């Protein structure tokens, strides 16, 4: 893949580990958009998303030492940092309370068992709309809402084994979707 | 192992998306190092996901970059990374550590020596003070002994001369008695040859302040002044020379003596 990369990934990583600010500047210019797209597809609140993007870049800056390039691509690592920070934010008590208040005042409703939020058609989340409905729900709940398979099993009243196999099938379909 | 089935199981996608459990993650990482096919499948999916994320990128607000870099810059200053400092070469570092160790030992040894020396100084100083005090005590004791010795010598000489005087056959002894009592209150010695007069105080009471005993000689019925008794005289006191006398008397007079005796204050008298 080449997105106009100035540095080969290994060189970028080594410069980042030396805390070179110009390398970090490049990292931001190059990856901020795709990481932001993941954050906003999980977190509906824009101000919170902005704070999270900052949190994510500070985390990358601090934890770049712990990134091991034999265990995967730099983006994969950063994507997981961004997703984890976003999931932590929306599953925190504060956020859950304010979300409840919002739902009560704005009369947001549920449709077909899927939680409708304004994050639905934004960023990376767009790709799940190409999945079958039952698969889309599982990918949304697990990847974008951060529920465990056990929680999903109880929520949807489906056996845990079924959740597991169905999610695996959903991801195989996702692989086909993103390849296209 | 059926690699195709494994690759088609969805586990690889779960792994890349961070949806696997700790055991599943460990399993995938173990297998990817064993089977290049699995490693390829992981990289393929990660790359496609990355591409999709780039296609769907959303630009964050432009002012955010400055804010984020300010935060990073602050963090950088608050937690400076160890790597920014040039690392010392291993041998240099070893030598430095050894050097520091040597100096530490020297410093520790000097501190110990200093403490020991200070303690010894204090100990010897205290010893010196004790000895100095003991020496001063001995010195003053010796002085007081010497002074006492001199006093005894003087007293001995006085008593020797008194004894010699009493043994002298030319010496007339006059016992002075109080008109009230029988006791010898004092004794007057009168040398019949040299006419020298001495008084030995036996039981005369101590005179009041401002008063002094005075000796009188009775010559042809008249009182002749024979001198006052020196207050410091404790044994035998030499009085005035009296060529001729029938009797002696001691009266209490004002300090320095009188020309005429105050006979009301007559204490003792005796005839030769």
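Read-outs: derived from the displayed coordinates by stated rules, not from any lab. Not measured: the values here are computed from a predicted model. Please note: Cβ atoms are built from the backbone with ideal geometry, for glycine as well, and neighbour counts cover all protein chains shown.
Structure above, values below:
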read-out: Most fluctuating residue given options B:225, B:40, B:75, as computed from a GNM of chain B linking Cα atoms under 10 Å; value: B:40
read-out: Tensor-based shape of the protein assembly as shown (alpha-carbon gyration tensor, a/c under 1.5 rounded, otherwise prolate or oblate); value: prolate
read-out: Length gained when the stretch residue B:151-residue B:266 is fully extended (0.36 nm per residue, less Cα-Cα span); value: 38.1 nm
read-out: Among B:47, B:122, B:113, residue whose mean-square fluctuation peaks in a GNM of chain B (springs only between Cα atoms under 10 Å); value: B:47
read-out: Net length gained if the chain between residue B:120 and residue B:203 were fully extended (0.36 nm per residue, minus Cα distance); value: 23.5 nm
read-out: Selected from B:107, B:134, B:71 as most flexible by GNM, with chain B as the system and alpha-carbon contacts under 10 Å; value: B:71
read-out: Value of relative contact order over segment A:9-91, rounded to a whole percent, pairs C-alpha under 8 Å and six or more apart; value: 39
read-out: Gap separating the Cα centres of segment B:226-272 and segment B:186-200, nearest whole Å; value: 12
read-out: Cβ-Cβ FRET estimate between residue B:3 and residue A:164, R0 fixed at 25 Å, reported to 0.05; value: 0.75
read-out: Sites residue A:66 and residue B:100, calculated FRET efficiency, Cβ-Cβ separation with R0 25 Å, nearest 0.05; value: 0.20
read-out: Spin-label pair residue A:93/residue A:151, simplified geometry with 7 Å Cα→Cβ offset, distance in nm; value: 1.6
read-out: Prolate/oblate/rounded call for segment B:171-271, Cα gyration tensor, a/c under 1.5 rounded; value: rounded
read-out: Whether segment A:9-91 is rounded, prolate or oblate, judged on the alpha carbon gyration tensor where a/c under 1.5 counts as rounded; value: prolate
